[in-house]
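Accompanying notes for the structure given below.
The values are calculated or read from the model by the stated rules, or taken from the named source; none is laboratory data. Just so we're clear, the structure is a prediction, and the values are computed from it rather than from any experiment. Virtual Cβ from ideal backbone geometry, glycine too; neighbours counted across all protein chains shown. Accessible surface is based on the protein model in full, side chains and every heavy atom, while ligands, DNA and RNA are left aside. Shrake-Rupley method; radii C 1.70, N 1.55, O 1.52, S 1.80 Å.
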Amino acid sequence: MAILVTGGAGYIGSHTCVELLNAGYKVIVVDNLSNSCETSLARVQEITGKELEFFKVDLLDKEALNFVFGKYDIEAVIHFAGLKAVGESCEIPLKYYQNNITGTLNLCEIMKKHEVKNLVFSSSATVYGEPKSVPVYEDFPLSATNPYGRSKLFIEEILQDLYKSDSSWNIALLRYFNPIGSHESGKIGEDPNGIPNNLLPFVAQVAVGKRAELSVFGDDYNTKDGTGIRDYIHVVDLSIGHLKAIKKLNSNPGIVAYNLGTGNGYSVFEIIEAYKKASQKEIPFKIIERRAGDIAISFANAEKAFNELDWKAERGIEEMCKDSWKWQSENPNGYDKS
Ligand code: NAD
Ligand code: UDP
């Protein structure tokens, strides 16, 4: 039996492939490489000493997807493939809805056709909108403030409807908090195109000298030091959460949602300090105005995943920054896609 991983060449997907291969699964990756390259998969195989199957397939191409499902005995799908830049989603919303929602609809149709009904979906803490309090629990009200977030919310609702129509589906909605860090080997990591949108890759590029300074988006929030607070989670812990979710689906739980976070919140200033320590580099920064749509504070209550998946994030902020720095310093130009 095999696990099909959509978007497996990307940041979280490639790390999850490592954990799947190490755990002895056969892994099939489909990815259109719109935000990744095949080098990441070569590195996954290098790290694990195991092979995976790769198909350059766009989820919008149902025929190509159907071909892959026809070729293997697939036990479950982990669905990472999607576009993820919040700002870009406001500029080109139709592309985001087309890619993320139509891609997921196509995937579910082909899964149904081939009687594959176990699905792990990459959702996001963004589906909580501006949470009424912290920590954030899975039963908090859901909302979205931008097309990217709305695509995640709509997909969650589509998957709820799918399950209502046919209870033989088992679906895990994994709501990630802020994944950072890299595999300890430093061979795979986050490799954003252009200017990074997220804090960690930006900080890493300042530390390595690719960018002059970080802009801190506001220091007047009602938080301990005025900067935004998030629940950063090591990408390897996050990846392991997917293996736990696959196991859970085998017990026929129906549709279930889990927060994957550490339960700890760190401010932007605390991240800068932790990264300085890990890299032994200066991180020059300036304070600018708040970023539109940002919330002050978000961190998870992750007890449900602990109780039901037997999963807990093990790696702390020092390890996240150390591993991120190993990847960034040894691959200053990422996978060098040019
Ligand atoms: P990523 O961009 O590195 O990986 C996504 C992969 O999907 C890429 O390799 C891309 O080429 C591929 N892809 C996109 N559209 C596709 C399509 N139509 N057909 C086939 N492949 C396609 O992103 P990531 O950080 O690894 O995120 C993975 C998933 O987790 C995404 O769905 C993202 O929205 C979600 N997520 C990410 C974060 C985060 O901070 N990284 C947080 C919460 C949720
Ligand atoms: N942030 C920042 N400068 C940047 C990028 C992010 O100050 O260049 C802040 C942002 O305002 C937030 C935190 O860092 O408080 C995490 O932002 P990120 O975009 O990584 O995650 P998200 O806001 O989507 O949770």
Problem set entry | Residue, most open to solvent (accessible area, probe 1.4 Å), within segment 54-74, restricted to residues that are within 21 Å of the chain's Cα centre (by Cα) and of a type outside the set (A, V, I, L, M) | Lys56
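Do we have any residue at all in segment 179-191 that's open to solvent by less than 40 Å² (accessible area, probe 1.4 Å) and among the acidic types (Asp, Glu)?
In the first step, residues of segment 179-191 are kept if they are open to solvent by less than 40 Å² (accessible area, probe 1.4 Å); the result is 179-183, 185-186, 188-191.
Those still in the list that are among the acidic types (Asp, Glu) too: 190-191.
Checked segment 179-191: at least one residue is open to solvent by less than 40 Å² (accessible area, probe 1.4 Å) and among the acidic types (Asp, Glu).
Looking for whichever is more than 28 Å from Val18 (Cα to Cα), within 20 Å of the chain's Cα centre (by Cα) and not polar (S, T, N, Q) here; the options are Leu142, Leu83, Leu41, Leu105. Which one fits?
Numbers: Leu83 fails: more than 28 Å from Val18 (Cα to Cα); Leu41 fails: more than 28 Å from Val18 (Cα to Cα); Leu105 fails: more than 28 Å from Val18 (Cα to Cα).
Checking each option against the conditions leaves just Leu142.
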Exercise. Inside segment 147-168, can you point out the residues that are outside any helix (DSSP H, G or I) and touching a residue at least 60 places away in the same chain (Cβ under 8 Å)?
Worked result: Ser167
Problem set entry | Residue count for segment 236-252, restricted to those that are open to solvent by less than 60 Å² (accessible area, probe 1.4 Å) and out of contact with any helix residue (DSSP H, G or I) (no Cβ under 8 Å at 6 or more places or on another chain) | 3
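Considering only residues of segment 169-181 that are outside any strand (DSSP E or B) and at negative phi, which is farthest from ligand 1 (Cβ to nearest atom)? Step through it out loud before you land on a result.
Of all residues in segment 169-181, those outside any strand (DSSP E or B) come to 169, 177, 181.
Subsequent filtering for residues that are at negative phi retains 169, 177.
On the way: Trp169: 19, Phe177: 8 Å.
If we take residues in segment 169-181 being outside any strand (DSSP E or B) and at negative phi, then Trp169 is farthest from ligand 1 (Cβ to nearest atom).
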Exercise. Considering segment 90-106 alone, what residues qualify as being among the hydroxyl-bearing types (Ser, Thr, Tyr), surrounded by fewer than 21 Cβ atoms within 10 Å (Cβ to Cβ) and in contact with a Leu (Cβ under 7 Å, 6 or more places away or on another chain)?
Worked result: Thr102
For this session: Would you be able to tell me the number of residues in segment 182-219 that are assigned to a loop (DSSP other than H, G, I, E, B), away from ligand 1 (no atom under 15 Å from the Cβ) and touching a strand residue (DSSP E or B) at 6+ places or on another chain (Cβ under 9 Å)?
Result: 3
Problem set entry | Residue list for segment 8-24, restricted to those being open to solvent by 10 Å² or more (accessible area, probe 1.4 Å) and either in a strand (DSSP E or B) or touching a residue at least 40 places away in the same chain (Cβ under 8 Å) (or both) | Gly10, Tyr11, Ile12, Glu19, Ala23
Problem set entry | Sole residue being among the basic types (Lys, Arg), away from ligand 2 (no atom under 16 Å from the Cβ) and under 18 Å from the mean Cα position of the chain (by Cα), chosen from Lys244, Lys277, Lys248, Lys281 | Lys244
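Evaluate the following for Ser123: is it over 21 Å from Gly254 (Cα atoms), within 13 Å of ligand 1 (Cβ to nearest atom) and at pLDDT 95 or above? Steps first, answer last, please.
Working: over 21 Å from Gly254 (Cα atoms): no; within 13 Å of ligand 1 (Cβ to nearest atom): yes; at pLDDT 95 or above: yes.
Spelling it out, it is not the case that Ser123 is over 21 Å from Gly254 (Cα atoms), within 13 Å of ligand 1 (Cβ to nearest atom) and at pLDDT 95 or above.
Would you tally the residues in segment 304-320 being of a type in the set (Lys, Arg) and either in contact with a Cys (Cβ under 9 Å, 6 or more places away or on another chain) or outside any helix (DSSP H, G or I) (or both)?
Kept after step one, since they are of a type in the set (Lys, Arg), are these residues of segment 304-320: 304, 312, 315.
Then drop every residue that is not either in contact with a Cys (Cβ under 9 Å, 6 or more places away or on another chain) or outside any helix (DSSP H, G or I) (or both), which leaves 312, 315.
Within segment 304-320, residues that are of a type in the set (Lys, Arg) and either in contact with a Cys (Cβ under 9 Å, 6 or more places away or on another chain) or outside any helix (DSSP H, G or I) (or both) number 2.
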